[in-house]
Amino acid sequence: MAEPATRVALLARPGNACDRLQAALREAGADIVLVADPNQIDAGGVRTAGAQAILIALEPSIEDALDRFDAVLGDPAITVIFDEAELAAKREGWDAARWVRHLAAKLNRHGDVLPPGTESEPAFDLQPAPLDLYQRPESDWAIGSFDGEAMSQAATELRDFAPDAVLDLDQLLREAIPAEPVQPEADDAVVTDRFRRDMDDISVRTSALELKLDTRGPAGEQPGAVVVLAGVGGPDAVRQFLAAIPPGFPRPILIRQRLDGGRHDRLVRQMQRATGMPVELAQAGEAMLPGCVYILPDGITTALCDGKTRFETTESPVPALAGLSAPDSAILMLSGGDPAMVDEVMSQSWNGALVAGQTPDECFDGTASAALIARGGESGAPKDLAKRLSTRWLSLKD
């Protein structure tokens, strides 16, 4: 027997955005039990309608009215989804279809956001091939030449990712590559065993490189922070992330959310409803405090000044970890993050930062997250990333 449709209350002012959101809800299979202007109703009306989920079309004229809905917006039994009214009014075609898929996933609490026709695609077998298949014909099983190629590739990647690393790569390569090529063994089992030993040796050597990296950040011994990078579809992901951060989290959380029109002051109020941590708009000259969430407008960066990390204005592009200690920081790439920042973010992982991306299937725009994860970043849903950070820092508290 099919599950009953989710009962949804749509809070939106009359207009094009409201009409399009109603159409999207119907297409997503929702049971619309209430459509109301939030200026004309209160939390009691939502509860009377028996809503299991609330979809809110955000715009400046309803910001004050939303304070009356705190009782239902904070109810863990009710799914709360926010959308920008301006974006909803313009969304059409492929973007509209994608929004419907994500809306259905949120309402039904599943992760299936793929378009129709992709469900039956065969899964790829990602299991590694047996060791005896890793033969390069041109090497004639000369393991020494394979070692050299592997170490050269490792050296190239290390220079790309960590240009400031303190490494004696030439010495490392000389140690890894034997002076004389290894002659083929007659017994295949012996060859396979030697291959395994050589690969283990390479793994040990390359893992040891991390110990030689210069991880001294510009902030010296100052604590780091959690930097969240997001864009289209990001506000909802940021809310989910903040809602899952437990009380007493000991690091500042810096939100860099790309917004059309730069309405970051409104974002402060929206995010405050999702978390018990204080949420503030970062102001030049103020010191960054632990346990606070800061919304960083364009042109605001962080810098170490008089022994404290403070916010300051800048006209230059803002690095992800400006003024922050990388080994004590984390960078999260959520939906709509800027793909141009992936290289920079990954380079900070070599300096000791925890780097992770939102699972692409859960992103409205997962381009940057997918690229980050493909390069080695961790992945997870926003709430899972919050748990990962909580495990890291709350376990370090005195």
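Return the equivalent ellipsoid semi-axes of region 268-398 as a descending list in whole Å, where each equals the square root of 5 times an eigenvalue of the C-alpha gyration tensor. Could you put the intermediate results ahead of the total?
Values: eigenvalues 106, 64, 54 Å².
Equivalent-ellipsoid dimensions as semi-axes: 23, 18, 16 Å.
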Two pseudo-spin positions, 7 Å from Cα along C-beta at ASP298 and at ASP37, lie apart in nanometres by 3.2 nm
Taking the alpha-carbon centre of each part, the distance from region 21-43 to region 325-360 in Å is 37 Å
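In cubic angstrom, how much convex hull volume per residue do the alpha carbon atoms of region 26-75 span? Before the final figure, lay out each step's value.
Working: hull volume 4.2 nm³, N = 50.
About 84 Å³ per residue, rounded to a whole number.
Which of rounded, prolate or oblate describes region 35-107 when judged by the alpha-carbon gyration tensor and an a/c cut-off of 1.5?
Numbers: a/c = 2.44, a/b = 1.44, b/c = 1.70.
Because a/c hits 1.5 or more and a/b fails to exceed b/c, region 35-107 counts as oblate.
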Counting only DSSP beta bridges fully inside region 278-374, the antiparallel percentage to nearest 5 is 50 percent
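Any read-out appearing in this document is the output of simple, stated calculations on the displayed coordinates, not a laboratory observation. Quantities reported herein were computed from a predicted structural model and do not represent experimental measurements. Because the Cβ atoms are built from the backbone with ideal geometry, glycine has one as well, and the counts that use them run over all protein chains shown.
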